[in-house]
1. Can you give the alpha-carbon Rg of segment 66-114 over 2.2 N^0.38 Å, where N counts its residues?
2. For the residue pair D161 and A176, what label-to-label distance in nm results when each label sits 7 Å from Cα along the Cα-to-beta-carbon direction?
3. If amide H atoms are built 1.01 Å from N in the plane of the peptide, which residues on other chains or at least 5 residues away come under 5 Å of the amide H of R2?
4. Using the per-residue mean of other Cβ atoms lying within 10 Å as a proxy for protection, in what order, highest first, do the peptides 123-129, 186-192 fall?
5. Give me the accessible area per residue for the chain, probe 1.4 Å, as a whole number in Å².
6. Kirkwood-based Rg over Rh for segment 24-106 (C-alpha set), two decimals?
7. Once you keep just the Cα pairs under 8 angstrom separated by 6 or more residues, what percentage relative contact order results for the chain?
8. Just the C-alpha atoms of segment 141-208: what Rg/Rh do they give, with Rh taken as the Kirkwood radius?
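The values are calculated or read from the model by the stated rules, or taken from the named source; none is laboratory data. Please read all numbers here as calculations on a predicted model, not as lab measurements. With ideal geometry, Cβ positions are generated from the backbone for all residues, glycine too; neighbour counts draw on all protein chains shown. These accessible areas exclude ligands, DNA and RNA; they are computed on the full protein's heavy atoms, side chains included. Shrake-Rupley method; radii C 1.70, N 1.55, O 1.52, S 1.80 Å.
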Amino acid sequence: MRIDIITVLPELLSSPLGHSIMQRAQDKGLLEIHLHNLRDYGLGKHKQVDDYQYGGGAGMVMMCEPISNCIEGLQAQRAYDEIIFMTPDGQTFKQGLANHLSLKDNLIILCGHYKGVDERIRKKYITMEISIGDYVLSGGELAAAVLVDSIGRLIPGVLNDETSALFDSFQDQLLAPPVYTRPENFEGMSVPEILLSGHQAKIEEWRHTMSMNRTRERRPDLLEE
Ligand code: 6GU
């Protein structure tokens with residue numbers, strides 16, 4: 001998979017996407033991330049990328065031309081499955097959408113900033129608008145990092161058996177069960193007996209029960225979906 005990210009702050013993305021599993025996905029050639037600094041497409045000698053909004057009001061708006069030039073430059077080289085705009089008024093990101101997007105070949109992600117982008121960009125190019133939750137961030141970059149991390153780890157071959165996504169919270173609409181490692185006794189708290197039993201079928205049954213209980217207590221809304 002190839003992901004092109006258009007942003008005014010590439011530094012905010014290079015570190016989160018350059019470590020651990022995301023770096024390994026790129027080293028293995030399973031994921032390519034290309035950061036494009038919108039400023040490089042800015043207009044005039046000041047490389048302008050935003051301007052005052054028509055009708056007045058506080059806050060700048062990202063201009064059409066730099067974004068348009070960047071997107072069309074990319075589209076001239078390959079076809080894109082989706083052009084995603086990160087914005088608090090987009091659809092709320094869920095695991096199901098991460099699963100869906102992990103099967104795509106080429107994505108563009110546009111990070112919103114300031115008061116947003118000129119509506120005509122949304123109309124002409126954007127195929128999907130995504131928010132990562134009901135709170136406001138100063139820009140779409142951290143949200144894009146969240147999106148790419150969640151998609152990237154689902155690409156076949158990125159995770160090994162030990163880190164497998166199959167048993168993640170949300171993958172079956174259930175939260176993950178509690179986990180334990182050594183020591184067997186920590187400050188008087190011991191590991192549940194069943195996990196030491198070696199009886200794999202019983203252990204899986206226990207894990208499922210714990211997942212159900214945890215979901216019912218913490219996120220009953222997931223059981224209704
Ligand atoms: Cl995608 N962008 C911004 N600026 N804030 C957000 C968001 C996105 N998702 C949740 N809050």
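1. Here the Cα radius of gyration is 1.27 times the empirical estimate.
2. Going by the 7 Å Cα→Cβ label model, 1.8 nm.
3. E32, N106, L107
4. Highest mean packing first, the order is 123-129, 186-192.
5. So the chain comes to 59 Å² accessible per residue, rounded to a whole number.
6. Value, to two decimals: 1.04.
7. In percent, rounded to a whole number, it is 21.
8. 1.08
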